[in-house]
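Structure first, then comments.
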Amino acid sequence: IVSAPIIVPGIIVGLALLRYFVVPFGIGITLALFLAHTALILPYAVRVVSASLNNLRSDIEEAAVLLGSSRLGAFFRVVLPNIRGGILSAFILGFVTSFNQVPVSLFLSGPGVRTLPIDMLGYMEIVFD
């Protein structure tokens, strides 16, 4: 289920959000854009962070717990610093993936909503025209 948005085109996600959430429930276009980009980015982010967690040795966390740290403290002091590279990679990959979803932004953006890909597309039309 997490991998489903990988095979679904962005325009389909945008159309589904518009049809089933924006029109019936009246959610704002900005929230719809956020939900669409989150749905399209989430599979990649989950894969990157889970791969980072799989590479982490579990005995390090167990050692922190044996030395008196709580599970939550071990997570924040041991696990999180060790996977911060994976989290940063997921953020960068998510930004690039979201940036490449111009059809979703074009489909869901209204007259008062401007996103960075649409602004850059407009700038390129002005400069290279």
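Can you name the residue in region 94-129 that is in contact with a Phe, Trp or Tyr (Cβ under 8 Å, 6 or more places away or on another chain) and under 21 Å from V8 (Cβ atoms) and is also surrounded by the fewest Cβ atoms within 10 Å (Cβ to Cβ) among such residues?
First pass over region 94-129, keeping only residues in contact with a Phe, Trp or Tyr (Cβ under 8 Å, 6 or more places away or on another chain): 94, 97, 116-117.
When the remaining residues are screened for being under 21 Å from V8 (Cβ atoms), the result is 94, 97, 117.
Working: G94: 18, T97: 16, P117: 18.
By that ranking, first place goes to T97.
V65 satisfies every condition listed in (1) free of Cβ contacts under 8 Å to residues at least 12 places away in the same chain; (2) assigned to a helix (DSSP H, G or I); (3) surrounded by fewer than 13 Cβ atoms within 10 Å (Cβ to Cβ) except (3). When we screen T30, T38, T97 for residues that are touching a residue at least 40 places away in the same chain (Cβ under 8 Å) and out of contact with any Leu (no Cβ under 8 Å at 6 or more places or on another chain), the only hit is T30.
Among the candidates I27, I6, the residue that is in contact with a Pro (Cβ under 8 Å, 6 or more places away or on another chain) and farther than 30 Å from R77 by Cβ is uniquely I6. Every condition in (1) modelled with pLDDT of 95 or more; (2) assigned to a loop (DSSP other than H, G, I, E, B) is met by R114 except one, and the failing one is (1).
L15 meets all of the listed conditions (1) of a type in the set (A, V, I, L, M, F, W, C); (2) without any contact (Cβ under 8 Å) to a residue 40 or more places away in the chain; (3) within 17 Å of L106 (Cβ to Cβ) but one, namely (2).
Among the residues of region 2-57, the ones that are out of contact with any helix residue (DSSP H, G or I) (no Cβ under 7 Å at 6 or more places or on another chain) and not in a helix (DSSP H, G or I) come to 5 in all. For region 77-129, the set of residues classified as hydroxyl-bearing (S, T, Y), in contact with a helix residue (DSSP H, G or I) (Cβ under 7 Å, 6 or more places away or on another chain) and more than 17 Å from A36 (Cβ to Cβ) consists of S89 only.
When we screen I60, I87, I92 for residues that are assigned to a helix (DSSP H, G or I) and in contact (Cβ under 8 Å) with a residue 24 or more places away in the chain, the only hit is I87. Annotation: of all residues in region 5-29 being exposed (fewer than 15 other Cβ atoms within 10 Å of the Cβ) and within 23 Å of I92 (Cβ to Cβ), the one that is nearest to the chain's Cα centre (by Cα) is I6.
The values are calculated or read from the model by the stated rules, or taken from the named source; none is laboratory data. Everything numeric here is computed off the predicted structure, so don't read it as measured data. Here the Cβ is made from the backbone with ideal geometry for all residues, glycine too, and neighbour counts use every protein chain on show.
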